[in-house]
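Notes follow the structure.
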Amino acid sequence: MESSWLNPKLSVMVSEKHGKGIFAKTNILKGERLAIFGGDILLIDEIDDLPEELQEYPVQIEERFVLYNKTLKKPDNTDFFNHSCDPNAGVNGQIFLVAVRDINKGEEITFDYAMTISESVGSNIVFEMDCNCGYENCRKKITENDWKLPELRERYAGYFSQYIQDMIDKEE
Ligand SMILES: [Zn+2]
């Protein structure tokens with residue numbers, strides 16, 4: 001019984017840039033669903049209770065909540081989507097990952113973690129990551145406040161997790 005779904009057109013492979021990554025086995029059209037994230041609903045601080053090697057994988061679905069299968073002992077296939085600052089995937093709703101453009105066979109599937117991650121006020125969990133994606137627009141440091149950047153709001157309109165889109169809409 002799987003708690004998440006990976007499109008069978010994708011497979012986990014060794015990634016030059018990232019250790020492991022998820023790659024397209026065939027051409028994929030813009031809009032195709034790539035994955036469905038699933039699992040248990042955890043308070044963000046419950047990430048601390050997961051095995052240490054899995055703590056980087058939960059998907060944030062609300063300011064205070066993340067999604068992850070608590071029973072996993074090793075990463076799930078859907079855990080290997082890497083971040084890039086020029087991604088070919090984006091979020092639809094809170095748990096669907098979709099292609100934001102046509103993707104060629106062999107390409108690594110990436111999304112921008114700014115699409116799902118935001119600061120959880122009062123939490124001990126703080127997200128920050130170095131990025132070496134190599135794209136011209138690389139931010140180098142990826143933080144939990146990147147969704148606030150105007151250029152990202154413009155570029156990723158329609159591809160933020162719904163809970164972040166709601167925060168953006170409230171401000172604008
Ligand atoms: Zn980058």
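Some notes on this structure:
- Residue among 132, 82 that is within 16 Å of the ligand (Cβ to nearest atom) and touching a strand residue (DSSP E or B) at 6+ places or on another chain (Cβ under 7 Å): 82
- Flag for residue 55 being of a type in the set (S, T, N, Q), more than 16 Å from the ligand (Cβ to nearest atom) and either farther than 29 Å from residue 8 by Cβ or surrounded by 14 or more Cβ atoms within 10 Å (Cβ to Cβ) (or both): no
- Listing of strands (runs of 3 or more DSSP E) fully contained in the range 8-72 that carry 1 or more residues being free of Cβ contacts under 8 Å to residues at least 60 places away in the same chain, of a type in the set (Phe, Trp, Tyr) and over 17 Å from residue 92 (Cα atoms): 65-68
- Neighbours by Cβ (under 8 Å, 6+ apart or cross-chain): first from the range 134-155, under 12 Å from residue 116 (Cα atoms); second in a loop (DSSP other than H, G, I, E, B) and of a type in the set (Val, Ile, Thr): 144/117; 144/126; 146/117; 147/117
- Filtering the range 50-97 to residues that are in contact with a Gly (Cβ under 6 Å, 6 or more places away or on another chain) and farther than 21 Å from residue 134 by Cα leaves 67, 68, 69.
- One residue alone among 122, 158 is at pLDDT 95 or above, of a type outside the set (D, E, K, R), more than 16 Å from the ligand (Cβ to nearest atom) and exposed (fewer than 11 other Cβ atoms within 10 Å of the Cβ), and that residue is 158.
The values are calculated or read from the model by the stated rules, or taken from the named source; none is laboratory data. As the structure is a prediction and not an experimental result, all values here were calculated from the model. All Cβ positions, glycine included, derive from the backbone under ideal geometry; neighbour counts span all protein chains shown.
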